[in-house]
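Report on the following structure.
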Amino acid sequence: MQFGVSTFITDQGIRPASLGTALEERAFESLFIAEHSHIPVSRRTPYPGGGELPDVYYRTLDPFVALSAIAAVTRSLRLATGIALVPQRDPITTAKEVASLDLVSEGRVIFGVGVGWNREEMMNHGADPATRGRLTDERLLAMRELWTAEKAEFHGEFVDFDPVYAWPKPVQRPHPPIYVGGGEGAFRRVAEIGDAWLATNVSPEQLGPRIERLRTRAGRDVPVTVYAVPDDPGLVEGYIRLGVERVLFNLPTVPESETASYLDRLARVASGFR
């Protein structure tokens, strides 16, 4: 099993390059970073975690800019969106960003995706919350076409373009792995489009039956990465027993000096299972 970190990179925490170096020095395998383009002042959509929306949601850096800075100072760290909000992203532009990052990092990208929860945020991008699932599916399929075809074209309900040339192509073949975030409602998307499931806020006891249902639905052994795990060795041991591909420790967004000590603590937990 691999050990990585999931976090929000903001203008108030450790800088991307410093974080990437610190992670690689401590032998972490991957970094998954969150995305929010903006937060509307109107807060009608309840925060899924309950209570007030944490400050980090307001201040996230663009994930592809941040991951590019990290790519420049690392050699082995996997670089992942966790998650990219596909309903809020143009598929042609996003396909180029993912492929460009995969090229400059020499094939280290994981494309973590989701449909999002903040209805006002996605509506500002012209996405209808009621159809965001179908929109996400089409945009992912269109991106896959752009990555793999010399003359790519796509004709759907939401995405429509005649044959186009789109370079660069990703280093990874056929394309960077697509990790689909979400609960059981995302299982169809995992089965039909995704390469892995990015599970969030689920204990080992809950996760085991869900993995079985997912693999039955998909008809294959779907890899599972668990997002935002506390530094609890008991939890990690439970995930190991389930055979998950990767555990992502939750890293709070704090200044650089505090980040280093927190990463040391996470690395000690991980080292107990290596």
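Order these peptides, 122-135, 38-51, by their mean beta-carbon neighbour count within 10 angstrom, highest first. Show your work: numbers first, answer last.
Working: 122-135: 16.4, 38-51: 11.1.
Result, highest mean Cβ count within 10 Å first: 122-135, 38-51.
Pro63: net charge of surrounding residues, Cβ under 10 Å, Lys/Arg +1, Asp/Glu -1, itself excluded?
Details: positive: none; negative: Glu35, Asp62, Glu97.
Surrounding charge for Pro63 is -3.
Ordered by residue, what ³J(HN,Hα) values in Hz, to whole numbers, does segment 251-260 give under the Karplus form 6.51 cos²θ - 1.76 cosθ + 1.60, where θ = phi - 60° and Gly and Pro are x?
10, x, 8, 9, x, 4, 4, 6, 4, 4
Estimate the FRET efficiency between Arg217 and Arg59 by the formula 1/(1 + (r/R0)^6), using the beta-carbon distance for r and 45 Å for R0, to the nearest 0.05.
Numbers: r = 37 Å, r/R0 = 0.82.
Once the sixth-power term is evaluated, E becomes 0.75.
Let's test this: bin the Cα-Cα distances of segment 58-125 at 5 Å from zero up to the farthest pair and state each bin's percent.
In order of increasing distance, the bins hold 4, 16, 27, 24, 15, 9, 4, 1 percent.
From the residues Ala166, Gly116, Ala130, which one has its Cα farthest along the dipole of segment 113-205 in the positive direction, the dipole being from +1 and -1 charges on Cβ of Lys/Arg and Asp/Glu about the Cα centre?
Value: Ala166.
Can you give the charge dipole size of the chain about its Cα centre, rounded to the nearest 20 debye, using +1 on the beta carbon of Lys and Arg and -1 on the beta carbon of Asp and Glu? All intermediate terms of the calculation are to be shown ahead of the outcome.
Details: 30 positive and 36 negative charges, 98 e Å.
With Lys and Arg at +1 and Asp and Glu at -1, about 480 debye.
Kindly write out, for segment 71-86 in residue order, the coupling ³J(HN,Hα) from the Karplus curve 6.51 cos²θ - 1.76 cosθ + 1.60 (θ = phi - 60°), rounded to whole Hz, with x marking Gly and Pro.
4, 5, 10, 10, 10, 10, 4, 6, 10, 9, 7, x, 10, 7, 8, 4
By how many nm would the segment from Ser42 to Leu242 lengthen if fully extended, with 0.36 nm per residue of separation less the alpha-carbon distance?
Numbers: separation 200, 0.36 × 200 = 72.00 nm, distance 4.11 nm.
Length gained between Ser42 and Leu242: 67.9 nm.
Roughly what % antiparallel, to the nearest 5, for the DSSP beta bridges in the chain?
Values: 4 of 35 bridges.
Counting only bridges with both partners in the chain, antiparallel ones make up about 10 percent.
Would you mind checking which residues have amide H under 5 Å from Thr10's amide H? H placed 1.01 Å from N; only 5 or more apart, or other chain.
For Thr10, whose amide H was placed from the backbone, the distant partners under 5 Å are Leu61.
Rg/Rh for segment 2-271: what does it come to with C-alpha atoms and Rh from Kirkwood?
Numbers: Rg = 18.0 Å, Rh = 19.0 Å.
A ratio of 0.95.
Under a point-charge model restricted to the Cβ atoms of Lys and Arg (+1) and Asp and Glu (-1), what is the dipole moment magnitude of segment 141-274 relative to its Cα centre, in debye to the nearest 20?
On the way: 16 positive and 19 negative charges, 90 e Å.
Approximately 440 debye in magnitude.
Using every alpha carbon pair in segment 1-111, what percent of pairs falls into each 10 Å bin from 0 up to the bin containing the largest distance?
Taking all Cα pairs of segment 1-111, the binned fractions are 13, 45, 31, 11, 0 percent.
Counting only other residues whose beta carbon sits under 13 Å from that of Ala196, what net charge do I get with K and R as +1, D and E as -1? Kindly include the intermediate steps, with their values, before the conclusion.
On the way: positive: Arg78, Arg189, Arg215, Arg220, Arg246; negative: Asp195, Asp221, Glu245.
Overall, the nearby charge balance is +2.
For a quick check: with amide H placed at 1.01 Å from N, whose amide H comes under 5 Å from Gly112's, ignoring anything fewer than 5 positions away on the same chain?
Amide H neighbours of Gly112: Thr81, Ala84, Tyr179.
Rounded, prolate or oblate: which fits segment 88-214, taking a ≥ b ≥ c as square roots of the Cα gyration tensor eigenvalues, rounded meaning a/c under 1.5, else prolate when a/b beats b/c?
Values: a/c = 1.97, a/b = 1.33, b/c = 1.48.
Oblate shape, in that a/c is at least 1.5 and b/c is the bigger or equal ratio.
For Cα pairs less than 8 Å apart in space and 6+ apart in sequence, what is the mean separation divided by the residue count of the chain, i.e. the relative contact order in percent? Provide the component values of the computation, followed by the final result.
On the way: 520 pairs, mean separation 59.7, N = 274.
Answer for the chain is 22 percent.
Most exposed first by the Cβ proxy, i.e. fewest other Cβ within 10 Å, how do Arg220, Arg144 rank? Don't skip to the answer; put the middle values down first.
Values: Arg220 10, Arg144 18.
If I rank by nearby Cβ atoms, fewest first, I get Arg220, Arg144.
The numbers here are math on the coordinates, done by the rules we state, and not lab data. Computed from a prediction, not measured in an experiment: that's the story for all the values here. Using ideal geometry, Cβ is built from the backbone for each residue, glycine included, and neighbour counts are taken over all protein chains shown.
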